[in-house]
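K.L.:
Can you read through this structure? Questions will come right after.
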Amino acid sequence: MENRARNTFVLLTIVFAFALQCVSADANTNVASSAASNNSASGVPAPANPALSNPAPANPVPAITLTPSENIAKTETAPLTDNSVSKNIVEIDVYYEALCSDSVKFVSNQLMPTFKKLNKFINVTFIPFAQGNITVNPDQSLNITCKRDGECAADRVHACGIHKIKDSEQLIKFVNCSLSEGYNSPNKTVPIDLCGKNSNIDSAIITEITNCAANNTESNPWLQDYKNKSSTANVTNVPKVVFNKNTTQDFASTVPFMNAVCKEIPDELQPEDCKTIHSGSDTLVIGVLPIIIGVFYFIKLI
């Protein structure tokens with residue numbers, strides 16, 4: 001009778017442990033997978049309209065600075081911005097390339113979902129052309145080169161968008177669209193009109209971006225600035241994400257971006273979306289400890 005009771009206890013303990021592990025795994029993967037359902041088999045977001053594309057100029061692109069906008073829609077979980085929140089804004093620099101698959105997936109699957117929930121707490125600066133290079137020819141003209149075919153032209157579109165779009169929500173949507181559409185385009189060009197309309201950008205601004213992308217004189221200084229910033233930040237792989245100008249983390253693989261952002265927000269200002277995230281230590285205690293206890297009792301029965 002005693003042995004049967006022990007066996008039952010062991011079995012229930014192990015079942016309980018696996019159930020808790022499933023719950024923890026669900027919570028931790030929720031953020032990273034929230035936008036993945038629309039991705040193609042390769043993991044890269046599929047274009048909204050593969051047949052529609054805009055030829056883009058053959059030069060690199062400038063960086064995009066996202067500043068908090070009064071027009072950003074309030075989410076149910078994010079608190080209203082107050083003085084204490086504004087003083088603790090998390091500065092996020094994103095170094096990326098316009099035709100890099102990891103950059104495409106990071107912005108679509110991790111940055112976009114996080115921005116929708118935590119836009120009151122973050123300020124994002126986009127820095128394209130992070131792997132590009134600029135040299136000066138003997139006649140003082142610039143020789144601009146990029147790692148991938150067509151990437152300089154796509155980078156230039158991003159740079160123009162960053163400098164022409166003033167609303168941060170519209171900007172991040174434009175960057176996301178330009179990345180996925182440009183990457184999936186057969187000729188690797190960014191459909192400026194499509195992404196502009198999908199991002200609710202005024203037609204006059206779309207025209208400015210189009211003209212800018214064809215004007216090397218206007219955009220070359222921005223590309224040079226991005227190149228300088230990328231060299232200072234020691235960028236070798238993209239995307240590279242820097243928090244508050246000093247903490248660098250890699251989110252191209254498995255690290256949930258939202259978890260890392262929440263850790264940068266002071267405890268007293270943590271929104272509900274951050275409070276519900278399980279930490280790695282929580283998972284260890286909740287999921288692994290019951291298994292250890294179960295194994296201990298099982299060994300005693302042998």
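The values are calculated or read from the model by the stated rules, or taken from the named source; none is laboratory data. For clarity, every value in this text was computed on a predicted model and none was experimentally measured. Positions of Cβ are generated from backbone atoms using ideal geometry, with glycine treated the same way; all protein chains shown enter the neighbour counts. We work out accessible area using only protein heavy atoms, side chains counted, and drop any ligands, DNA or RNA first. Shrake-Rupley method; radii C 1.70, N 1.55, O 1.52, S 1.80 Å.
K.L.:
Restricting to the range 89-143, give me the number of residues that are modelled with pLDDT under 95 and among the small types (Gly, Ala, Ser).
P.N.:
Total meeting the criteria: 1.
K.L.:
A further question on this structure: When you check LYS188 against the structure, is it at positive phi and modelled with pLDDT under 95, yes or no?
P.N.:
Taking the combined requirement at face value, the residue does not satisfy it.
K.L.:
State all residues of the range 258-279 that are of a type outside the set (S, T, N, Q), closer than 22 Å to VAL242 by Cα, open to solvent by 20 Å² or more (accessible area, probe 1.4 Å) and outside any helix (DSSP H, G or I); if no residue qualifies, say none. Before the answer, list the steps.
P.N.:
Let us first name the residues in the range 258-279 that are of a type outside the set (S, T, N, Q), namely 258, 260-269, 271-275, 277-278.
Of the ones still in play, those that are also closer than 22 Å to VAL242 by Cα are 258, 260-267, 269, 271, 273-274, 277.
Okay, now just the ones that are also open to solvent by 20 Å² or more (accessible area, probe 1.4 Å), so 263-264, 266-267, 269, 273, 277.
Answer for the range 258-279, where residues must be of a type outside the set (S, T, N, Q), closer than 22 Å to VAL242 by Cα, open to solvent by 20 Å² or more (accessible area, probe 1.4 Å) and outside any helix (DSSP H, G or I): PRO266, ILE277.
K.L.:
Kindly provide the set of residues from the range 161-179 that are open to solvent by 10 Å² or more (accessible area, probe 1.4 Å), in a helix (DSSP H, G or I) and over 18 Å from TRP222 (Cα atoms), ordered by number.
P.N.:
GLU169, GLN170, LYS173, ASN176, CYS177
K.L.:
Restricting to the range 182-205, what's the tally of residues that are assigned to a helix (DSSP H, G or I) and either open to solvent by 10 Å² or more (accessible area, probe 1.4 Å) or small (Gly, Ala, Ser) (or both)? Before the answer, list the steps.
P.N.:
Looking only at the range 182-205, we keep the residues that are assigned to a helix (DSSP H, G or I), and these are 182-184, 192-198, 203-205.
Subset that is either open to solvent by 10 Å² or more (accessible area, probe 1.4 Å) or small (Gly, Ala, Ser) (or both): 182-184, 193-194, 196-198, 203-205.
So the answer is 11.
K.L.:
Kindly list the number of the only condition in (1) assigned to a loop (DSSP other than H, G, I, E, B); (2) within 17 Å of PRO256 (Cα to Cα); (3) acidic (Asp, Glu) that fails for GLU97.
P.N.:
Result: GLU97 fails condition (2) only.
K.L.:
While we're looking at this one, here's another question. Would you pick out the residues in the range 100-117 that are crowded, with 23+ Cβ neighbours inside 10 Å and aliphatic (A, V, I, L, M)?
P.N.:
VAL104, VAL107, LEU111
K.L.:
May I pose another question? For SER168, which of the numbered conditions (1) in contact (Cβ under 8 Å) with a residue 40 or more places away in the chain; (2) out of contact with any Leu (no Cβ under 6 Å at 6 or more places or on another chain) fails to hold?
P.N.:
The failed condition is (2).
K.L.:
For the range 125-159, give me each residue that is in a strand (DSSP E or B) and surrounded by fewer than 24 Cβ atoms within 10 Å (Cβ to Cβ). Quick ask: steps written out before the conclusion?
P.N.:
Of the residues in the range 125-159, the ones in a strand (DSSP E or B) are 125-127, 133-136, 142-145.
Those that are in a strand (DSSP E or B) and surrounded by fewer than 24 Cβ atoms within 10 Å (Cβ to Cβ): THR125, ASN133, ILE134, THR135, VAL136, LEU142, ASN143, ILE144, THR145.
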